[in-house]
Amino acid sequence: MSIVEVKVPDIGDFKEVEVIELLVKVGDTVKVDQSLITVESDKASMEIPSSHAGVVKELKIKIGDKVAEGSLLLVLDSDAAAAPAPAAAAPAAASAPAPAPVAAAAAPAPVESKPTPSPAVAAVALPPGPSGVPHASPSVRKFARELGVDLTRVNGSGPKGRITQEDVQNYVKGVISGAASGGTGAKGGSGVGLDLLPWPSLDFSKFGATELLPLSRIKKISGPNLHRNWVMIPHVTQFDEADVTDLEEFRKTSNAAMAKSGVKLTMLAFVIKASVAALKKFPAFNASLDAKGENLILKQYYHIGFAADTPNGLVVPVIKDADKKGIAQIAQEMGDLSAQAREGKLKPADMQGASFTISSLGGIGGTAFTPIINAPEVAILGLSKSDTKPVWDGAQFQPRLMMPLSLSYDHRVIDGAMGARFTVYLAELLSDMRKTLL
């Protein structure tokens with residue numbers, strides 16, 4: 001048995017780089033020139049090859065470590081009879097689909113130790129910021145080429161959006177099954193049947209000063225879902241207004257009477273209760289299409305999601321069984337869930353199971369907007385800021401507090417007539433909440 005230490009070879013001008021991917025583990029058998037790890041600087045991604053063949057006995061680095069030329073990577077149990085292969089030029093890394101410089105680092109300088117120096121490390125230059133250039137290692141690029149996958153269409157799940165081999169595999173599975181999956185599927189509107197141009201790659205700094213601001217974790221997670229929903233669901237948005245003059249007066253009076261209880265009624269709590277009544281009257285809105293799009297799954301429960309604003313982005317907590325709760329209890333739960341959302345303490349179960357979602361921007365402003373449906377739901381209700389307007393009562397104009405409603409729905413399930421009937425009925429309930437008792 002011959003123990004060999006494998007170190008980082010000459011990597012050109014890169015003085016210290018971060019380990020972002022381990023390509024082998026203890027017990028693996030490696031060959032000469034086989035890639036061991038992937039490292040990344042602020043300009044390039046590269047794979048470090050092995051100078052010897054053997055069995056991995058011990059890893060000396062982990063993801064996130066910084067390494068430089070001469071850093072110890074791992075210990076191999078090398079077969080004494082197998083001499084290290086001579087140095088050879090590494091194949092040039094595949095160039096990205098969008099224009100990007102491709103370079104090979106300088107060949108390693110001769111060293112006095114016995115082992116033959118490792119071959120030159122292929123480096124793929126990366127853009128300084130978000131662009132259409134896929135973020136993937138040379139081995140993943142090669143794997144994608146073998147499968148005929150355009151990496152500009154694949155979303156990466158690795159660190160900094162890096163595309164992994166599993167992402168490519170999941171993309172292929174999605175295409176074969178009929179639609180690329182949201183988390184690791186098509187990017188840039190590449191659902192099945194779409195053939196869009198790659199995202200434009202520009203050096204914005206040539207036009208003026210720029211600053212790079214990484215997306216928050218919430219936006220990184222929600223972004224692919226929102227994109228999938230917008231591309232895959234045929235949205236139609238129905239706009240309407242509800243006269244909430246009397247309801248607002250009742251809300252204020254009730255809050256004054258309930259001041260000592262600590263519960264504060266919000267307009268959204270009333271809208272949730274009214275929405276449940278509307279969902280019961282129009283059950284297609286409280287449903288989901290099955291995976292094949294051939295059947296409608298009508299839900300017998302009423303779990304209402306509501307968009308909560310946090311410093312890191314919007315999240316959607318869910319009020320479970322809203323049909324079985326009074327408005328005060330709904331308001332209390334909303335307050336508790338919103339506080340947990342702002343503190344980042346929401347549990348996954350708190351954001352699952354919604355059958356209908358409401359997004360309220362009433363506290364901010366605006367007159368109307370087009371909310372994106374939260375699949376697998378088939379509709380979402382948007383609320384904008386209420387405003388006092390002159391409304392004709394048949395004899396004269398009266399000042400009334402009107403709340404804008406924006407209902408987006410899946411046109412595969414709901415037609416325009418049903419969408420209009422839903423908003424009209426909901427507006428009637430909000431104008432007189434006593435109708436929810438009927």
Worksheet item: Using the per-residue mean of other Cβ atoms lying within 10 Å as a proxy for protection, in what order, highest first, do the peptides 264-273, 429-438 fall?
Response: 264-273, 429-438
Worksheet, complete the sentence: Those trypsin sites (Lys or Arg not before Pro) from region 310-412 that are DSSP loop and have at most 10 other Cβ neighbours within 10 Å turn out to be 345
Worksheet item: What ranking, highest mean first, results for peptides 215-224, 52-61, 387-396 when packing means the other Cβ atoms within 10 Å averaged over each residue?
Response: 52-61, 215-224, 387-396
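Values quoted throughout were computed directly from the atomic coordinates according to the rules given, and no laboratory measurement underlies them. Predicted model only: the values in this text are computed from it and were never measured. For neighbour counting, all protein chains shown are included, and Cβ atoms are generated from backbone atoms with ideal geometry for every residue, glycine included.
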